[in-house]
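This report refers to the structure that appears directly beneath it.
The values are calculated or read from the model by the stated rules, or taken from the named source; none is laboratory data. Since this is a predicted model, take the numbers as computed values, not measurements. Every residue, glycine among them, receives a Cβ derived from its backbone with ideal geometry; neighbour counts consider all protein chains shown. Ligands, DNA and RNA are stripped out before the accessible areas are found, and what is left, the full protein with its side chains, is counted by its heavy atoms. Shrake-Rupley method; radii C 1.70, N 1.55, O 1.52, S 1.80 Å.
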Amino acid sequence: LDEVLRANEMLEECKRELIQRGLPFNPDLEVGVMIEIPSAALTAHLIAPHVDFFSLGTNDLVQYTLAVDRVNERIAYLYQPTHPAIIRLIKNTIDAGHQQGIWTGICGEMAGNPLMVPLLIGLGVDEFSVSPSLGPRVKAVVRKLKCSEAESLAETVLRMESASDIMKQCQQLVGRVAPEVLELIG
């Protein structure tokens, strides 16, 4: 929170300087924060009143929460985006944002994984940021998914204890609503 407050102060200083110089700028610039570490996700309710949006960076969030380096071949198997701790941190962040009336976007490998899309929608994600090459698969799932299915999946997953069981639930739903996408990703 201290970093957010200081950044906002610096932004206001810059705005005042631009006004003094008579330079044009957008005074309504949206200011958001990346939520990439567990401490930020756990204190999202304290940060939310001071920003316009959250962007959940899932790669770092998973890595720092589970204390695992995904590029280290010896321990990469421990990198589990569906670990219950990750799901709960994501949900906590989204809920804190929504309670404050701000939107939450998501980026990283989870955002571009069609298997994760229904779960993330069910958890309340408002926006996906994915590379152009992954966009069509993500869109294909979104187009065929009912909100009620996504919400039901999220409710079920939030009660689960195993990353592999959570992944199976996600695979089953995508297999049911968009089997062609499941075939593409193998």
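For region 61-72, a residue qualifies if it is open to solvent by 50 Å² or more (accessible area, probe 1.4 Å) and within 15 Å of the chain's Cα centre (by Cα), and exactly one does: 64. One residue stands out in region 6-19 among those that are more than 27 Å from residue 92 (Cβ to Cβ) and among the basic types (Lys, Arg): the one that is least open to solvent (accessible area, probe 1.4 Å), namely 15.
Across region 69-81, the qualifying residues are those that are without any contact (Cβ under 8 Å) to a residue 12 or more places away in the chain and in a loop (DSSP other than H, G, I, E, B), and the one among them that is nearest to residue 115 (Cα to Cα) is 70. In region 92-111, the count of residues that are modelled with pLDDT under 95, under 30 Å from residue 51 (Cβ atoms) and not hydrophobic (A, V, I, L, M, F, W, C) is one or more. Inspection of region 20-34 identifies no residue that is small (Gly, Ala, Ser), surrounded by 14 or more Cβ atoms within 10 Å (Cβ to Cβ) and closer than 25 Å to residue 162 by Cβ. Residue 95 meets the conditions (1) under 14 Å from the mean Cα position of the chain (by Cα); (2) assigned to a loop (DSSP other than H, G, I, E, B); (3) under 29 Å from residue 30 (Cα atoms) in every case but one. The failed one is (2).
Filtering region 46-57 for residues that are of a type in the set (Phe, Trp, Tyr), surrounded by fewer than 20 Cβ atoms within 10 Å (Cβ to Cβ) and closer than 25 Å to residue 121 by Cβ leaves a non-empty set.
Return the residue satisfying two criteria in turn: it lies in region 112-130 and is over 21 Å from residue 183 (Cβ atoms), open to solvent by less than 50 Å² (accessible area, probe 1.4 Å) and of a type in the set (Gly, Ala, Ser), and of such residues it is nearest to the chain's Cα centre (by Cα). The selected residue is 124. Residues of region 65-102 that are of a type in the set (Phe, Trp, Tyr) and out of contact with any Asp or Glu (no Cβ under 9 Å at 6 or more places or on another chain): 77 alone.
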